[in-house]
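Quick notes on the structure that follows.
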Amino acid sequence: MPFVLKTGRRTLTRISLSFALGYVLLATAGMLGSQLNMNPIILQIFVAMSGVILCLRYYFLNRSELKGSVFLDFDREDWIVLGSFSLYLVICILFFDRLVIWMAGDAVAHAEMIRMLIEGQTLPINLPLLGNYWEYYPKGFHYYAYFWTKAFPLLDVVQTVPALINAFTPMLLYSILREIRQDSASYYAFLLSSFAFSTHYSYLIWGGYPSAAAEMLLVAAVLASVLKMRIILIAMFLGMLFTHPRILALGVGFLLFWWLAEDLRQRLSSRHFYMLASCFLFLVAAYVSMHRPEYLVSVFSDQDLASQFVARWYPGLLALFGAALAAVRGGQLNRMVLV
């Protein structure tokens, strides 16, 4: 529903956000149908047809305004991103379609759940910490994949849909930067998140499809927060809850710090900010001092410990780099949060 959201937004922003919203609506509709003892595809088809009807209705009501301007507002950066998006998607599909050890690890379990839905069985749905693990294990991705399986029966869903989800995540990141007027950095961020982040590929290799989908929703939630679209933000939270609650917990913390940073940027001077940063570093130093000296030294003397430390804490190291960047750039906290 790219033209129904908000006409004042950039077209590419609306398209990428619509894909994330479509994921939530289709997955939620499928699970609701299952809870009502209906075939999940019935409510999912209803959602898809509603989207088509809304688009057609909007088009016919605004034909004169939309004529010739719907897709023509793409600028040079948009075309670069669209071309890279297509290339990334083709590469991912071709690669994962030919991966020899594809059906291994979690990929087997996810494929079996999708197969259960295809064969008419139902998957139990519950919330985390309620019921047993099988009941509350997030099923959002599986119901979404089920819709694609029924709508496009010739499609190899397990190898195609996750690659499509992964391709839209950099598109959403690009839209965030364009919407906060960071145009010069936007397509570099898109290319880096597409081709340089091994996390995306590892998600698909070991079958972390729900993780990849929830990551997409987290980035979409940030975009919705930037655009102050609260209803869509709530929808993204709902999607993460039924897809991968751990990503939801991370997302809530991330957005809270985002809003705090924005508030501090508007209310506090650079001097106050540096005082707060110093207090925070003091608390970190106090926590680190609780470890024995030989433990801290071992991180630098033992290669195995050092590699484990870097593997687990490299996001924290990047955050320190972001803090240094913000200090050099005059306390621009929005850059620190992004990095």
Practice problem: Find all pairs meeting these conditions: Cβ atoms under 9 angstrom apart; at least six residues apart or on different chains; first residue within the range 46-61 and in contact (Cβ under 8 Å) with a residue 40 or more places away in the chain; second residue loosely packed, with under 13 Cβ neighbours inside 10 Å. | Solution: Y58/T7
Quiz prompt | Filter result (of a type in the set (G, A, S) and either touching a residue at least 12 places away in the same chain (Cβ under 8 Å) or surrounded by 13 or more Cβ atoms within 10 Å (Cβ to Cβ) (or both)) within the range 250-267 | solution = G251, A261
Quiz item: If you take the residues in the range 177-236 that are on the phi > 0 side of the Ramachandran plot and surrounded by fewer than 20 Cβ atoms within 10 Å (Cβ to Cβ), which one is farthest from the chain's Cα centre (by Cα)?
Solution: R181
Exercise. Scan the range 132-161 and report the pairs whose first residue is in the same structural domain as H110 (by TED's automatic domain parsing) and under 14 Å from M116 (Cα atoms) and whose second residue is aliphatic (A, V, I, L, M) and outside any helix (DSSP H, G or I), with Cβ atoms within less than 6 Å and a gap of 6+ or a chain change.
Key: K139/L123; K139/I125
Self-check item: Scope the range 178-221; condition modelled with pLDDT under 90, more than 15 Å from F85 (Cβ to Cβ) and among the aliphatic types (A, V, I, L, M); matching residues
Solution: I180, A185, A196, L204, I205, A212
Practice problem: Would you be able to say whether some residue in the range 89-106 is under 23 Å from R246 (Cα atoms), at pLDDT 85 or above and in a helix (DSSP H, G or I)? | Solution: no
Quiz item: Quick one: how many residues across the range 217-251 are assigned to a helix (DSSP H, G or I) and in contact with a Lys or Arg (Cβ under 8 Å, 6 or more places away or on another chain)?
Solution: 1
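The values are calculated or read from the model by the stated rules, or taken from the named source; none is laboratory data. Keep in mind that what you see is a predicted model, and the values were worked out from it rather than measured. Because the Cβ atoms are built from the backbone with ideal geometry, glycine has one as well, and the counts that use them run over all protein chains shown.
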